[in-house]
Amino acid sequence: MIDELALKIRGLPRLKALILAFTVWQYVCVLGMAMLGWQEYLIWINLGLLASFIILAPSYESLLLIILSIPFFVALPNPKFDSLSMWRPLFAILFFVWLIREKKFKYAEIKFLPWDKFLGVFLMVGILVTLVFGKFIGQGFKQVLYWVNIYIFYLVMINVLKSKQQIFEIIRYILWSLAIIVTLGFTQLIGTFLTDFDTFWVYWASNITKLYYGQDFASVALYSNSWFSYLGGRSLRVFSIMPDSQSFAYICIFGMCIGTALTHNVFKYVKKWLWSGIRFAGLGLILSGTRAVWVGMLVPFAAVSWAYFRNFQKHLAKKFILPFLIIFILFAISSLINKGLALMRVSVFKEDFLLRAKSIYDLNDASNVGRIKIWKESLVFGINHPLGLGFGNFIVSLDPESAADYKQTAGEINIRYNLPQRYVSAHSLYLQILVETGFVGFVVFCGFWYAVIKYFWHFLRHYKNKEDFLVYFVAQGLIMVFWVLGAAFFDITLLNDKVLMFFLINLGIAGLIVKKYNEIEEIV
C-alpha cells in the first residue's frame, strides 16, 4: 500500500514545489505564533502534514523536506514532555517508513560507514556503565534515545542517497537550511536595534525560546543565559533561534565549510552569492562572541596553512584558506563594526571583539577562572572514577554526596553559573565523556574521531590532484571535523540537537562520497 502511494506521489511534477510550500508555511506559522499570538495547535497540524508527506512521498524527497524544516522544528505543546521537539517523531516515522518500504528487516541489509562501529561500541559501553554505575538510570536512557533518534535520520540518509545528482541537490538543501538560521540570526540582531536589551531579552525568552525549547528552558533564560557579553559593557550576542550563541557559531561553521566546497564548479553568479553568504556566516561567527569556536579555528587553519605552504593539494588549500582570511579580516575591522552597531543600537553597543578574543588568554577573567575550575574538578573526578558515572549523570559529579532524586538534583541552582544543575557541563566535550563513560568510553570516543580523520585523509591523498566537487566536499568535511575537535576542548555544544543533526548530515554525506566515489553517477 505504501509502495503504491509512493509511486503515485513520485509521479507528481510539482513535488519540489510542495516541499517549498511546506517550508514557507512552517516559517509563516512560527512567525505567527512568535509575534502574532497564533494558537500553538498549529504545531500539531504541521506535524501531521509533515508526517503525511513522509509516509506518502519517496524517502529521498522526505529527506529534503526534513532538512529544510530543521530551522522550524519547535517544541510540541504537551503537559508531560515540555521540551519534546517536532523532529523526534518525524525522524522515527521516516526511519520506520523507510524500513518497511525498502524491506530492510535484516541488520546485514543496512549500509553503514566505517566509523559507525565505534559509535555502536561507544553506545554499548555507555549503556553498560549507566546500568552498573548510574545513579539516574532513567536519565541515562533518555540521553541514549535522544542520540539514537538523531542517528536514525543519518542512517536513512546514507542508505537512500545513490547518485551524484542527489548528493549535489541535498547539499544545496542543507545550505539553504543553514542560511535560514544564519539569516534569522541577523533578524534577531536587527530586533535589538528597535528596543532596549531588557525588553528584547524578556520578549525573546517568553516567545521564541519558549516556542522552540519549552517553558522550562524559557524560564531559565529569563534570569540566566549566555546571550550577553560583559566585556566593555553589557552587549547582546547573536544566537538566532538557537538556545545560545555557542550553538549558533557552529551553524556558521557548517555554513562556511559547506558553502566553500559548493563554490567549486558552479556558475559565476552563484559563486558570487555563495561567497556573500560565507562572509555573512563569518560575520555571524564573530558576532556570536563564542571564544571556543574562535580558538578551535586554529586547528583547521593550521592544517590548511600546512597544506598550502607544503604545496600539498594546493588547489584545495587555496580555496579553504579564504574563509579563515575572511574571519581574520573581520576581526581586524571589528572596531568599525563596533562603531556601526553602536550608531544603530538604541542602547549603546560596547562590545569589543578584539578585547573578548584577548580575554581567552587572561587567566584572571571570571569566565576563564570558572572554566578552569570545572575542568580541574571534572578531570580529578574522572581519574577517581575511571569506570564512569553513566550517560546523563554528569550532575552527580557536581554533588556526589547528594541523596536527592534526579528532579531535585537537576533543579538545584548551581551558584557558580546561576543555572539549574541540569544545564551545567564540564565545559569540555572530552571531559564530559570521560566523567560519564570512563576511560573505556573515552578511548572508544577518540577511536571514532581517529577513524573519521583517517578515512577522509586517505581519500584526499589518493585524489590529491583531482579538482572535483565531491573531493572538495570531503575536504570541507575534514576541516569541519578539525574545527569541531578544536572547539570541543572548551564546550559540549556538539551535543545540541540541531548542531548534532547538521554535523552527522555533513559527516554522512562526506563519508558516503568516500565509500562510493567510483560508483556514483555523474550529474545528468
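Just a few scattered comments:
- Yes/no for LEU155 being open to solvent by less than 20 Å² (accessible area, probe 1.4 Å), touching a residue at least 24 places away in the same chain (Cβ under 8 Å) and assigned to a loop (DSSP other than H, G, I, E, B): no
- For the range 483-499, the set of residues classified as open to solvent by less than 20 Å² (accessible area, probe 1.4 Å) and assigned to a loop (DSSP other than H, G, I, E, B) consists of ALA488, ASP491, listed by residue number.
- If only residues of the range 189-215 that are in contact with a Ser or Thr (Cβ under 6 Å, 6 or more places away or on another chain) and of a type outside the set (Asp, Glu) are counted, the one that is surrounded by the fewest Cβ atoms within 10 Å (Cβ to Cβ) is PHE197.
- Among residues that are modelled with pLDDT of 95 or more and surrounded by 21 or more Cβ atoms within 10 Å (Cβ to Cβ), PHE502 is included.
- Scanning the range 245-291 for residues that are touching a residue at least 40 places away in the same chain (Cβ under 8 Å), farther than 18 Å from LEU325 by Cα and open to solvent by 30 Å² or more (accessible area, probe 1.4 Å) yields GLN246, ASN265.
- Only helices (runs of 4 or more DSSP H) whose full extent lies in the range 1-87 are considered here, and the ones with at least 2 residues that are modelled with pLDDT of 95 or more are 15-35, 41-56, 59-69.
- Some residue of the range 127-135 being open to solvent by less than 10 Å² (accessible area, probe 1.4 Å) and among the small types (Gly, Ala, Ser): no
- In this structure, SER397 does not qualify as open to solvent by 10 Å² or more (accessible area, probe 1.4 Å), part of a loop (DSSP other than H, G, I, E, B) and free of Cβ contacts under 8 Å to residues at least 40 places away in the same chain.
- Selection status of PHE442, modelled with pLDDT of 95 or more, of a type in the set (Phe, Trp, Tyr), surrounded by 16 or more Cβ atoms within 10 Å (Cβ to Cβ) and closer than 22 Å to PHE141 by Cβ: yes
- Count of the range 443-468 residues which are in contact (Cβ under 8 Å) with a residue 60 or more places away in the chain, farther than 14 Å from GLY511 by Cα and assigned to a helix (DSSP H, G or I): 3
- Flag if ILE520 is open to solvent by 10 Å² or more (accessible area, probe 1.4 Å), in contact with a Ser or Thr (Cβ under 7 Å, 6 or more places away or on another chain) and over 20 Å from ALA249 (Cα atoms): yes
- Near pairs, Cβ below 9 angstrom, 6+ apart or cross-chain, from the range 37-61 (within 13 Å of LEU90 (Cβ to Cβ) and open to solvent by 60 Å² or more (accessible area, probe 1.4 Å)) to any residue that is at pLDDT 95 or above and polar (S, T, N, Q): LEU49/GLN26; ILE55/SER62
- Of all residues making up the range 220-244, the number that are at pLDDT 90 or above and open to solvent by 30 Å² or more (accessible area, probe 1.4 Å): 1
- Subset tally (residues that are under 27 Å from the mean Cα position of the chain (by Cα) and either charged (D, E, K, R) or open to solvent by less than 80 Å² (accessible area, probe 1.4 Å) (or both)) for the range 455-475: 12
The values are calculated or read from the model by the stated rules, or taken from the named source; none is laboratory data. What you see is a predicted model, and the numbers here were worked out from it, not measured in a lab. Note: ideal-geometry Cβ built from the backbone for every residue, glycine included; neighbour counts use all protein chains shown. Heavy atoms of the whole protein, side chains included, go into the accessibility calculation; ligands, DNA and RNA do not. Shrake-Rupley method; radii C 1.70, N 1.55, O 1.52, S 1.80 Å.
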